[in-house]
1. Being part of a helix (DSSP H, G or I) and in contact with a strand residue (DSSP E or B) (Cβ under 7 Å, 6 or more places away or on another chain) is the filter here; which residues of the range 339-383 pass it?
2. I'm trying to understand the selection: among the residues of the range 225-278, which are small (G, A, S) and not in a loop (DSSP other than H, G, I, E, B)?
3. Being aliphatic (A, V, I, L, M) and crowded, with 17+ Cβ neighbours inside 10 Å narrows it down to one of L387, L370, L443, so name that one.
4. Report yes if L150 is aliphatic (A, V, I, L, M), in contact with a helix residue (DSSP H, G or I) (Cβ under 8 Å, 6 or more places away or on another chain) and in the same structural domain as Y215 (by TED's automatic domain parsing), otherwise no.
5. How many residues does the range 104-135 contain that are under 14 Å from S321 (Cβ atoms) and aliphatic (A, V, I, L, M)?
6. Return the pair list, or none, for Cβ contacts closer than 6 Å from residues in the range 413-434 that are closer than 23 Å to G455 by Cα to residues that are aliphatic (A, V, I, L, M) and in a strand (DSSP E or B), at least 6 apart or on different chains.
7. For L306, state whether it is farther than 26 Å from P264 by Cα, at pLDDT 95 or above and not aromatic (F, W, Y).
8. Among the residues of the range 106-135 satisfying the criterion of being of a type in the set (G, A, S) and closer than 14 Å to I457 by Cα, which is surrounded by the fewest Cβ atoms within 10 Å (Cβ to Cβ)?
Amino acid sequence: MELHVVIEGTRGLADQVYRQLRDAIRAGRLAAGQRLPPSRLLAEQLGVSRKTVAQAYSKLTLDRLIVTQVGAGTFVASRLPQSSRPLAQEDLAGRAVARQWQGVETPLRHPLPDARLRYEFIAGASSRRLFPEEEWRQCALHALRRTSTLRGFYAEPEGLLELRDAVSRHVGFSRGVDCRADDLVITNGAQQALDLIARVLIEPGSIVAMEEPGYPLARMLLEAQRAQVVPVPVDDEGIRVDLIPGGTRLIYTTPTHQFPLGMPMSMARRHALLDRARELGAIVVEDDYDSEFRYTAQAFEPLQTLDRWGLVAYIGTFSKSLSPELRLGYAIAPPALRAALVNAKHLSDWHSTTMLQWTLARFMTQGHLLKHIRRCHDVYGERRECLLARLSGDLSPWLEALPTVAGFHLAVRFRRPIPTTQLCQLARRVEVGLYPLDECYRLPSPNPGLLLGFGAIEAEDINPALDRVRTILEQLDA
């Protein structure tokens, strides 16, 4: 491979070579210890005399940027002299904006592999051992064959037709959603779907109503778009529609499985929400993140299906049903928004990874996804029952599980005052990952508690982990 040096004109050739090599070394494009071409070879590549390159090498040696080892060659120095100070944040014209982003908190972030505890109750993580490796591998090989005939061109921003068709049939069958392939935009997870919707609807100062408590990453994303996010309390039936303020442009809700508390929105409240949205001309974002894993026979029609006016943007993800690392989701856009969302997707990242789209489309059309969901449903159901048994048993003096009908997390309230931060810190010392419910509140939490995810912890590990938690609770009582 030839070294990237560009020669312009015929004057100052040695200085041109010297400056470009110096800048490449200081920028790290030429790494410490990397071997440089012999002066004769580099001179031939550049079409200059060997003396020109030798002069450049000599100046770099004086600057202690390169070293020559007799019989071995010329190398970038292993210890480089201090270069000029990089631009600090205080020197930036946009320092105020950069400082705001630097201060953004990242709640619910999953721990890196080397920081994971033996017993992890983090929400949103799925079971690694349940991932269908062999079926996915076969579908990936099929995707490789399909993409081999299509390379060289970008794909459509809205996503592959084959995947959009598979998703439309899947959500129609498993969730009762009314849509066609043309209504869908494939995104990099539900988070990007929400980001695109916000991009085409939100201006600085726009009022957005959001459930309180609610999904903190959705709230922070909307605030990053400079929306005025108004927390609207929830009760046993869902978001308090009567408290949604006038002038609201967008309403974010999780009606099938309220995050984080777990209850579904009642049918009366669903109709009231749609009526209020119609009155305001507001778009309702229905985030249906994990309703495949439902543990009761009761099921309500999605807002998207009940919608008669084209007000609901329905978003979903495959991060919960398959793996958080599979960054594929979708938005089912109302007619008034679809063209805008496609354009926003195009400008954002052109399209989601084609290879993954082909793989997932094949995985779904072969029936593997429904089979995988049925298998996971049984496993998660067993873990859920184990957790509920302990919470209604020996842990009941301290903890109360809130009713939940779907998903793989539980919200737990404290029955008595418990120092949440201290509890979580003590649990980490005994290899148990506990996470406070407080992070899901925009306002001070009136009822502290925990968010217990049971996707990543095996059933046989739940009781040993909760034994350790009980010991800590007893110590805090002493």
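The values are calculated or read from the model by the stated rules, or taken from the named source; none is laboratory data. Keep in mind that this is a model prediction, so the values were computed, not measured. FYI the Cβ positions are ideal-geometry reconstructions off the backbone, even for glycines, and counts take in every protein chain you see.
1. L341, V342, K345, Q357
2. G238, A268, A272, A277
3. L387
4. When the stated conditions are applied, L150 passes them.
5. Qualifying residue count, the range 104-135: 2.
6. L434/L450
7. Judged against the criteria, L306 is not a match.
8. Once the filter is applied, the top-ranked residue is S127.
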